[in-house]
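Undergrad: Handing you a structure now.
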Amino acid sequence: MPHTAPRHLAEGPRVGIRPFTYEDAAEFTARARESKELHQPWLFPPDSESAYRAYAGRLIEDPSKAGFLVCQKDGEKNGERGDGALAGFININNIVEGGFRCGALGYGAFAHAAGRGLMREGLDLVVDHAFGPMRLHRLEINAQPRNTASLALARSCGFRLEGFSPKMIYIDGDWRDHERWAITAEMRASG
């Protein structure tokens, strides 16, 4: 029986994006556990219900964050149910308004959806939503230099490499180097 999910904020041919809900805990954490090999050492999404509730709570309640679930649309099967199955997630963190109007993107595909172009479609939807209804001007992606999948996604969605920051973010017990990628509303409009 298909689960009932909130309406999509935006849709593409194969996916839609919608906000996180507390009701997504079981599917999200199961997908996170299935995807550990894909995610680590880059990413550590919550894989228990209590960790998910805390994580989702920050995305739902903190105005400096916005979280989006990338959901497969009906008819998208490939061995998975096509009733809104979670393909991945994209968060905008550190949202600053006023004259800056920017945010930092973080994202992860779930293993069953990796390499199928679903996250590319989802990231395009989130970028359009950020520059449209959210009225942001600039989005940044910070990715570790060896995280080739994340870098390829940033590049394919029109982000430009802006620099390299040594020991930028504390991940998995150490300060990690990151490449900084960004896109502005003007770049998106002309691209």
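Residues are listed down the side, and each one gets a yes or a no for (1) closer than 16 Å to Phe159 by Cβ; (2) over 10 Å from the mean Cα position of the chain (by Cα):
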{"site": "Gly84", "(1), (2)": "no, yes"}
{"site": "Ile95", "(1), (2)": "no, yes"}
{"site": "Cys102", "(1), (2)": "yes, yes"}
{"site": "Leu105", "(1), (2)": "yes, no"}
{"site": "Ala109", "(1), (2)": "no, no"}
{"site": "Ala114", "(1), (2)": "no, yes"}
{"site": "Gly117", "(1), (2)": "no, yes"}
{"site": "Gly122", "(1), (2)": "yes, no"}
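Undergrad: When Thr148 is evaluated against the numbered criteria (1) over 20 Å from Asp62 (Cβ atoms); (2) touching a residue at least 24 places away in the same chain (Cβ under 8 Å), which criterion, by number, is the only one it fails?
TA: (2)
Undergrad: Continuing with the same structure: Suppose the filter is surrounded by fewer than 21 Cβ atoms within 10 Å (Cβ to Cβ) and either modelled with pLDDT of 95 or more or small (Gly, Ala, Ser) (or both); does Glu49 pass it?
TA: So Glu49 passes the test.
Undergrad: Right, another one. Across segment 55-86, which residue is nearest to Glu11 (Cα to Cα) among those that are at pLDDT 95 or above and basic (Lys, Arg)?
TA: Checked segment 55-86; the qualifying residue nearest to Glu11 (Cα to Cα) is Lys65.
Undergrad: Here is a follow-up. Restricting to segment 163-187, name every residue that is more than 18 Å from the chain's Cα centre (by Cα), surrounded by 14 or more Cβ atoms within 10 Å (Cβ to Cβ) and more than 23 Å from Pro45 (Cα to Cα).
TA: Ala185, Met187
Undergrad: Could you tell me whether any residue of segment 6-16 is in contact (Cβ under 8 Å) with a residue 24 or more places away in the chain, closer than 24 Å to Thr148 by Cα and of a type in the set (Val, Ile, Thr)?
TA: Scanning segment 6-16 turns up at least one residue that is in contact (Cβ under 8 Å) with a residue 24 or more places away in the chain, closer than 24 Å to Thr148 by Cα and of a type in the set (Val, Ile, Thr).
Undergrad: Filter segment 131-151 for residues that are in contact with a helix residue (DSSP H, G or I) (Cβ under 9 Å, 6 or more places away or on another chain) and closer than 26 Å to Ile171 by Cα; which is surrounded by the most Cβ atoms within 10 Å (Cβ to Cβ)?
TA: Leu139
Undergrad: Also, quick follow-up: Residues Thr29, Thr21: which one is under 16 Å from the mean Cα position of the chain (by Cα), surrounded by fewer than 16 Cβ atoms within 10 Å (Cβ to Cβ) and of a type in the set (Ser, Thr, Tyr)?
TA: Only one candidate passes the filter, namely Thr21.
Undergrad: Something else now. Checking the conditions here, which among Ile95, Ile141 is touching a Leu at 6+ places or on another chain (Cβ under 9 Å), more than 23 Å from Ser35 (Cα to Cα) and in contact (Cβ under 8 Å) with a residue 12 or more places away in the chain?
TA: Step by step, each of Ile95, Ile141 is checked, and only Ile95 is touching a Leu at 6+ places or on another chain (Cβ under 9 Å), more than 23 Å from Ser35 (Cα to Cα) and in contact (Cβ under 8 Å) with a residue 12 or more places away in the chain.
Undergrad: Out of all the residues in segment 90-115, which are surrounded by 16 or more Cβ atoms within 10 Å (Cβ to Cβ) and not small (Gly, Ala, Ser)?
TA: Answer for segment 90-115, where residues must be surrounded by 16 or more Cβ atoms within 10 Å (Cβ to Cβ) and not small (Gly, Ala, Ser): Ile90, Asn91, Ile92, Asn93, Ile95, Arg101, Cys102, Leu105, Tyr107, Phe110, His112.
Undergrad: On to the next question. Answer yes if at least one residue in segment 162-176 is under 20 Å from Cys102 (Cα atoms), out of contact with any strand residue (DSSP E or B) (no Cβ under 6 Å at 6 or more places or on another chain), of a type in the set (D, E, K, R) and modelled with pLDDT of 95 or more, and no otherwise. Let's see the steps before the verdict.
TA: Taking segment 162-176 and keeping what is under 20 Å from Cys102 (Cα atoms), we get 162-165, 168-169.
After this cut, where a residue has to be out of contact with any strand residue (DSSP E or B) (no Cβ under 6 Å at 6 or more places or on another chain) as well, the list is none.
No, segment 162-176 contains no residue that is under 20 Å from Cys102 (Cα atoms), out of contact with any strand residue (DSSP E or B) (no Cβ under 6 Å at 6 or more places or on another chain), of a type in the set (D, E, K, R) and modelled with pLDDT of 95 or more.
The values are calculated or read from the model by the stated rules, or taken from the named source; none is laboratory data. In this text, all values refer to a predicted model and were calculated from it rather than measured experimentally. Glycine gets a Cβ as well: all are built from the backbone with ideal geometry, and neighbour counts include every protein chain shown.
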